[in-house]
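Working notes for the structure below.
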Amino acid sequence: MEAYLDNSATTQCSKRACDKMVELLRVDYGNPSSLHRKGMEAEQYIIEAKKKIAKTLKVNEKELIFTSGGTESNNLAIIGTAMANKRAGMHIITTSIEHASVLNPMQYLEEQGFQVTYLPVDADGIISLSALEEAMDEETILVSIMQVNNEIGAIEPIEEAVRIIKEKNPNTLIHVDAIQSYGKLRIYPKKTGIDLLSVSGHKIHGPKGSGFLYVKEKTKIRPILFGGGQQKGMRSGTENVPAIAGLGEAAAEIYENFEANVNHLYELKEALVAGLLKLEGVTVNGKTGRDSAPHVVSASFAGIRSEVLLHSLEDKEIYVSAGSACSSNKPSISRTLKSIGVKQELLDSTVRFSFSIHTTMEEITYTLEVLRELLPVLRRYTRH
C-alpha cells in the first residue's frame, strides 16, 4: 500500500486541470499577445481562469496577477510594495515563522536599508497581537503574515491583526501568504481588509509553476520583472496559458464540496493525532483541533532523527516530510520549530504529515500500524 502524506509539499494534479492543460499544449497553443485568432483564443483562457479564481475570493478579475508560483507571488508582493512605498516609510513587520519565500525577501530589503520587525509566536505558533500593536508606527508601510503555517498548521488571527494594523496606521499595506490556506479556508480579502494575497497552484491540485497574486485595486506596487509589458506591465513575460488554465480549473474544483472536503481532512487529522499520541515518545506540535489547519500534523519522535524516520517510512511506501519541502535540501534546523520552543533534542526528530482531499482513512491506519512496529526498532538501532 502507498500512503502519500506530503501534500503540503505538493499535490497530485487533478484530472480536470491536466485535461485542460493538454488541450492548450496541443490544440489552443497560441501566444495570448498575438493579434490573430489563435492568440485571441489563448487570451480567452486567461480571462476564464481569472473569472473562476475571482469568484472563489469574491474579488475583481483585474486585481489578479498570474505568476510562476508562491515564491514569485510573495517576492512581488513584498519587494514590489516596499520599493513603491519607501518614501512613506522604511519599516516592515513580519513573523518569525514565515516561509523562506517571505523571510529571504525581507533579508534582501534589510540590505537595502529597510527595518524589519519579526513578531514572536507562542508555543502553538500564534503571533503576539500585542507585539504587533507595539511594533506598528507611522513608518510601517507593510505587514506580511502567513495565514497558515506550512510546518505546524497554525492558523494566524488575520482579522484581528488587520484591525490592529488599520487602527494604528490606515496607510499600512497588509500582505497574506495564503499558500497553505487557500482551498482549506474560506478567504475573502476585501471583507477582511487584505491588500495583497499570494497563492500557489501546486498546493491545490493545480500544476507546478503556477500561482497568482491578488493586489487590491489602487495599491501602490512596482513590478520586479521587466520585459514586454504583459499583465499591464506588472508581470512581463509570455503568459503560461496551459498552467494558468489548469490553475483556474483547480481553484474552481477545490472550492466545490468545500465543507465536506474540509470535514474529511479534519477527520483524517483527528485520527492521526489520536494514534500518534498513543505511541511512546511521540509529541504532536502546535494545535490539533479544528482551530488549526485541517491538513497538517507536525510530530516529534524522541530518539529518532527525522531523516532516518523519513527514509524508513519511504521503504514502506509512506511519504512524509522533514519540514518545509523548499528548505529540505538544506541541513539547517527549522526556524518555526525553534520559535515555538520545541526542545533542542527534538528539533532534528520532527516530521510533517500532510493530507489532501484524496487521502484516505486507510492510509492513516496503515501509517500508524507501520509506526507502531518501526519506532521500537529504530530506537534500538539508534542506541547502538
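The values are calculated or read from the model by the stated rules, or taken from the named source; none is laboratory data. Bear in mind the structure is a predicted one, so any value in this text is a computation, not a measurement. So basically every Cβ, Gly included, is an ideal-geometry build from the backbone, and we count neighbours across all protein chains shown. Just the protein is used for accessible areas: all its heavy atoms, side chains included, with ligands, DNA and RNA removed. Shrake-Rupley method; radii C 1.70, N 1.55, O 1.52, S 1.80 Å.
For region 356-383, the candidate set comprises residues that are among the aliphatic types (A, V, I, L, M) and within 15 Å of Ile304 (Cβ to Cβ); within that set, the residue that is surrounded by the fewest Cβ atoms within 10 Å (Cβ to Cβ) is Val377.
One residue alone among Glu307, Glu249 is of a type in the set (Asp, Glu) and open to solvent by less than 40 Å² (accessible area, probe 1.4 Å), and that residue is Glu249.
Could you list, in sequence order, the residues of region 222-238 that are touching a strand residue (DSSP E or B) at 6+ places or on another chain (Cβ under 6 Å) and assigned to a loop (DSSP other than H, G, I, E, B)? Steps first, answer last, please.
Keep residues of region 222-238 that are touching a strand residue (DSSP E or B) at 6+ places or on another chain (Cβ under 6 Å), which gives 231, 234-235.
Across region 222-238, the qualifying residues are Met234, Arg235.
Give the residues of region 250-267 that are in a helix (DSSP H, G or I) and closer than 27 Å to Asp19 by Cβ, sorted by residue number. Write out each step before concluding.
Going through region 250-267, the residues in a helix (DSSP H, G or I) turn out to be 250-254, 258-267.
Residues satisfying the conditions are Ala250, Ala251, Ala252, Glu253, Ile254, Phe258, Glu259, Ala260, Asn261, Val262, His264, Leu265.
Residues considered: Ala299, Ala293. Of these, the only one that is out of contact with any helix residue (DSSP H, G or I) (no Cβ under 8 Å at 6 or more places or on another chain) and in contact (Cβ under 8 Å) with a residue 12 or more places away in the chain is Ala293.
The number of residues in region 105-128 that are in a loop (DSSP other than H, G, I, E, B) and surrounded by fewer than 23 Cβ atoms within 10 Å (Cβ to Cβ) comes to 9. Of everything in region 46-56 that is in contact with an Asp or Glu (Cβ under 7 Å, 6 or more places away or on another chain) and open to solvent by 10 Å² or more (accessible area, probe 1.4 Å), the residue that is nearest to Gly237 (Cα to Cα) is Ile46.
Just a yes or no: is a residue in region 262-277 open to solvent by 40 Å² or more (accessible area, probe 1.4 Å) and among the acidic types (Asp, Glu)? Step through it out loud before you land on a result.
Of the residues in region 262-277, the ones open to solvent by 40 Å² or more (accessible area, probe 1.4 Å) are 263-264, 267, 270, 274, 277.
With among the acidic types (Asp, Glu) added as a condition, the list becomes 267, 270.
Scanning region 262-277, I find at least one residue that is open to solvent by 40 Å² or more (accessible area, probe 1.4 Å) and among the acidic types (Asp, Glu), so the answer is yes.
Being of a type in the set (A, V, I, L, M), in contact (Cβ under 8 Å) with a residue 24 or more places away in the chain and closer than 30 Å to His295 by Cα, is that true of even one residue in region 25-34? Quick ask: steps written out before the conclusion?
Let us first name the residues in region 25-34 that are of a type in the set (A, V, I, L, M), namely 25, 27.
Keeping just the survivors that are in contact (Cβ under 8 Å) with a residue 24 or more places away in the chain gives 25.
Checking which are closer than 30 Å to His295 by Cα leaves us with none.
No, region 25-34 has no match at all.
The set of residues in region 208-218 that are part of a loop (DSSP other than H, G, I, E, B) and open to solvent by less than 10 Å² (accessible area, probe 1.4 Å) contains only Ser210.
Scanning region 57-77 for residues that are among the aliphatic types (A, V, I, L, M) and open to solvent by 10 Å² or more (accessible area, probe 1.4 Å) turns up Val59, Ile65.
Restricting attention to region 268-312, the residues that are assigned to a helix (DSSP H, G or I) and touching a His at 6+ places or on another chain (Cβ under 9 Å) add up to 2.
For Lys38, are the conditions met, namely being of a type in the set (D, E, K, R), under 14 Å from Thr219 (Cβ atoms) and more than 21 Å from the chain's Cα centre (by Cα)? Considered against the rule, which asks whether it is of a type in the set (D, E, K, R), under 14 Å from Thr219 (Cβ atoms) and more than 21 Å from the chain's Cα centre (by Cα), Lys38 comes out as no. In this entry, Ile187 is excluded by the filter for residues that are open to solvent by 10 Å² or more (accessible area, probe 1.4 Å), closer than 19 Å to Ile254 by Cβ and at pLDDT 95 or above.
Listed by first and then second residue, the pairs with beta-carbon distance under 8 Å, at least 6 apart or on different chains, first residue in region 129-156 and within 12 Å of Lys168 (Cβ to Cβ) and open to solvent by 10 Å² or more (accessible area, probe 1.4 Å), second in a strand (DSSP E or B) and hydroxyl-bearing (Ser, Thr, Tyr), are Ala135/Thr117. When you scan region 1-90 for helices (runs of 4 or more DSSP H) that lie fully inside it, which ones turn up with 1 or more residues that are of a type in the set (Lys, Arg)? It comes to 15-26, 37-57.
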